[in-house]
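Read through the structure below, which is laid out as structure tokens, and then see the notes.
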There are 2 protein chains.
Amino acid sequence: MDRFKVTPEALENFVIEAMRRYGIYEDDARLSAKILVTTDTWGVHTHGTRQLRPLLKNFPMGRLDANAKAEVVREGVAWAHMDGHDALPFVTAHRAMALAIQKAKAAGIGYVSVNNTSHFGAAGYYATMAAEQHMIGMAMCNADPNMVVPGARGKVLGTNPIAYAIPKRDGKPVFFDIATSAAAANKVIRAKLLGQSIPEGWLVNADGEPTTDPSGFPETGALMPMANHKGYGFALLVEVLAGVMTGAKLTEEQPSWVPNVPGNPPGKTNQGQMFIAIDAGAILSPALFDERMDWLADYIHDAPKANGSDRIYLPGEIEWEKREAALKNGIDLPSDVVDYLKGLAEDVGIATLPFEPVTE
Amino acid sequence: MDRFKVTPEALENFVIEAMRRYGIYEDDARLSAKILVTTDTWGVHTHGTRQLRPLLKNFPMGRLDANAKAEVVREGVAWAHMDGHDALPFVTAHRAMALAIQKAKAAGIGYVSVNNTSHFGAAGYYATMAAEQHMIGMAMCNADPNMVVPGARGKVLGTNPIAYAIPKRDGKPVFFDIATSAAAANKVIRAKLLGQSIPEGWLVNADGEPTTDPSGFPETGALMPMANHKGYGFALLVEVLAGVMTGAKLTEEQPSWVPNVPGNPPGKTNQGQMFIAIDAGAILSPALFDERMDWLADYIHDAPKANGSDRIYLPGEIEWEKREAALKNGIDLPSDVVDYLKGLAEDVGIATLPFEPVTE
């Protein structure tokens, strides 16, 4: 398979130009490019620039509005709620976490929720914003259903992601960003395309029975929650914090952020999101927190290794190493991302692509 | 196997009397009895009165102090930290969640952390306290290691539980209380005693390799995290929120709350705990939250059922139904709980046991 290389700068400039052609303001495009390309540098390509093409299609359809700005509509000492007004979701989410951090600086903990918004890319990005301010950050959102719950058949809840980040003295926060399903939908679809079977515990068939055959998905069947009832419980908590509390559309009433998905209900997505910041040094002191966090990191790194294992990773550590390599040597783009970017270039009439095939 | 029945009142009175004989104040004993017996009425017998005997043994050893009271040592607008001073942990945890609720009433969200404390029973009990005040409650604690992490062998992190509760108009909160391991240690030990194998994904052997043979545990091997790296991530978040931030003992430095466990480091447990409350009706309104929560509950209940399933449960629903039955017909005590209670009666010289065998 062909490999493609791109520098982060070239990819950001491409993203900015493509967004500009959709009528998005320069500053908003710059911020979005930084968020999406950072995600690609982490190697989290499922949630990086790959998602830009379908997201931008929402603007000419009127499901997103390049001129809108999210607005704080209600707030208290340690919280605020923003109406996203269908503005560019990356910018809205960035503002929401910045405000949660500000609330936590004053109150020790703070949350900012958003409704009337859409897909914000990788939840983990916003969590790391808090870690840069020596806070523990969390970000989550509800989503249209893709996941069964115990006892049901078919898609009941979204794969409602949860992300967190924890500050570390070396500037590389512990960070964690997961779907509450056992596996991501695109892993199941990739196995289907390759004609492979999937591990037990990932999928139920049209009758709600566990299956290792991905061929019916996504038309029928549904993803299984991680660890079954445990993943169900976490997905439900997210549905409540990001959805029930905020006025967002819930479960089957929420159209996918991807336009024209078969079965999508009409209207705007109205996704709900929740951002939490906790001042890590409030109880002890920032220095003591750092010292204890370093102790814990060393303890985990130094634990006896399993047979065949030569290293134990903290959550996010692989991503920071990939980012370091990407900043030095460029980003390795998988071919599916390249296809999305080529499509986007066609959509907006950009002739020069920022990446080039690498001959092995 | 013999079955045993007890009324909640008789079991509470037994608990109060046993605690009194350990020098615990009447009010503290009453509150603890309510917490432990409520847990038994839910059918969560692993965390109910079964745990009282080993916990009380901490008092004469000086690892807990019947005369101590937890103290708020630092606080902000939306948070507080309590030094547990090795007081009775149920009472400390109850006070901590009550204070978190009070903070959240003023600020919309609040947390109270505790260190220098010990085992508080079922984390879920404290979460439900928040739900009774129309708040979303969360409770978590760190613990001595019992669980491997990806790439390691042996016990690295505790099975650090996470619980939440969400208010519902019918007075039966959604509630969820899990260990971040794939399975509870006592399930593995029960299989070992019965000479059975265990499912894949529960346990690693002494080499850190997944095994279905429980015979080496708990002396060697370790529980696996739920959904492997996902459970690792959640356990680590709990270790940070309840442990690193609070000044509690971390991982292998924390002695088990059960006295005289082989390999227990000397000294007091110094467990860390974290209680969070979020005002559910702050953003919209309490009535609108309730209405939307009922919609979500109905939507889940009414989802199409899997083959062989006639009902879909919300988290906690089974527990509330068991409680209703227990309040009406008495609690069915498993024989292992009965053995613990008999042992406790012997320890303190109570001649009359509150339960009786049921002849089928």
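Quick rundown of the values:
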| read-out | value |
| --- | --- |
| Residue among B:MET140, B:MET135 that is crowded, with 24+ Cβ neighbours inside 10 Å, touching a strand residue (DSSP E or B) at 6+ places or on another chain (Cβ under 6 Å) and closer than 18 Å to B:GLN102 by Cα | B:MET135 |
| Per-region count, region A:248-271, residues open to solvent by 20 Å² or more (accessible area, probe 1.4 Å) and of a type in the set (Val, Ile, Thr) | 2 |
| Subset tally (residues that are among the basic types (Lys, Arg) and out of contact with any strand residue (DSSP E or B) (no Cβ under 7 Å at 6 or more places or on another chain)) for region B:296-319 | 1 |
| Region B:200-211 - residue that is within 30 Å of B:GLU317 (Cα to Cα) and at pLDDT 95 or above and, of those, surrounded by the fewest Cβ atoms within 10 Å (Cβ to Cβ) | B:TRP202 |
| Tally of residues being part of a helix (DSSP H, G or I), open to solvent by less than 10 Å² (accessible area, probe 1.4 Å) and not polar (S, T, N, Q) across region A:80-100 | 6 |
| Selected residue (only one of B:ALA18, B:ALA29 is touching a Lys or Arg at 6+ places or on another chain (Cβ under 8 Å) and either in contact (Cβ under 8 Å) with a residue 60 or more places away in the chain or part of a helix (DSSP H, G or I) (or both)) | B:ALA29 |
| Residue list for region B:285-326, filter: modelled with pLDDT under 95 and of a type in the set (Gly, Ala, Ser) | B:GLY308 |
| Some residue of region A:165-179 being over 30 Å from A:ASP298 (Cα atoms) and crowded, with 23+ Cβ neighbours inside 10 Å | no |
| Qualifying position, being open to solvent by less than 30 Å² (accessible area, probe 1.4 Å), in a helix (DSSP H, G or I) and within 14 Å of chain B (Cβ to nearest Cβ), among A:MET274, A:MET293 | A:MET293 |
| Residues located in region A:304-313, provided they are over 17 Å from A:VAL174 (Cα atoms) and either within 7 Å of chain B (Cβ to nearest Cβ) or open to solvent by less than 80 Å² (accessible area, probe 1.4 Å) (or both) | A:PRO304, A:LYS305, A:ALA306, A:ASN307, A:SER309 |
| Matching option when the condition is closer than 30 Å to B:LYS305 by Cβ and over 17 Å from the mean Cα position of the chain (by Cα), among A:GLY84, A:GLY151, A:GLY108 | A:GLY151 |
| Search result, residues across region B:277-290 that are outside any helix (DSSP H, G or I) and buried (at least 22 other Cβ atoms within 10 Å of the Cβ) | B:ALA277, B:ILE278, B:ASP279, B:ALA280, B:ALA282, B:ILE283 |
| From the options B:PRO218, B:PRO214, B:PRO225, residue that is open to solvent by less than 10 Å² (accessible area, probe 1.4 Å) and more than 14 Å from chain A (Cβ to nearest Cβ) | B:PRO214 |
| Selection status of B:VAL156, in contact with a helix residue (DSSP H, G or I) (Cβ under 7 Å, 6 or more places away or on another chain), open to solvent by less than 30 Å² (accessible area, probe 1.4 Å) and at pLDDT 95 or above | yes |
| Qualifying residues in region A:38-73 (those that are free of Cβ contacts under 8 Å to residues at least 60 places away in the same chain and not in a loop (DSSP other than H, G, I, E, B)) - the one least open to solvent (accessible area, probe 1.4 Å) | A:VAL72 |
| Of the criteria (1) out of contact with any Ser or Thr (no Cβ under 9 Å at 6 or more places or on another chain); (2) not in a strand (DSSP E or B), which one B:ALA235 fails | (1) |
| Top-ranked residue of region A:314-328 - restricted to ones that are in contact (Cβ under 8 Å) with a residue 40 or more places away in the chain and open to solvent by 30 Å² or more (accessible area, probe 1.4 Å), ranked as farthest from the other protein chains (Cβ to nearest Cβ) | A:LEU327 |
| Some residue of region B:110-125 being among the hydroxyl-bearing types (Ser, Thr, Tyr) and within 21 Å of B:ILE318 (Cβ to Cβ) | yes |
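The values are calculated or read from the model by the stated rules, or taken from the named source; none is laboratory data. The shown structure was predicted, so the numbers you read here are calculated from the model rather than taken from an experiment. Virtual Cβ from ideal backbone geometry, glycine too; neighbours counted across all protein chains shown. Just so you know, the surface numbers come from the protein's heavy atoms only, side chains and all, with ligands and any DNA or RNA stripped out. Shrake-Rupley method; radii C 1.70, N 1.55, O 1.52, S 1.80 Å.
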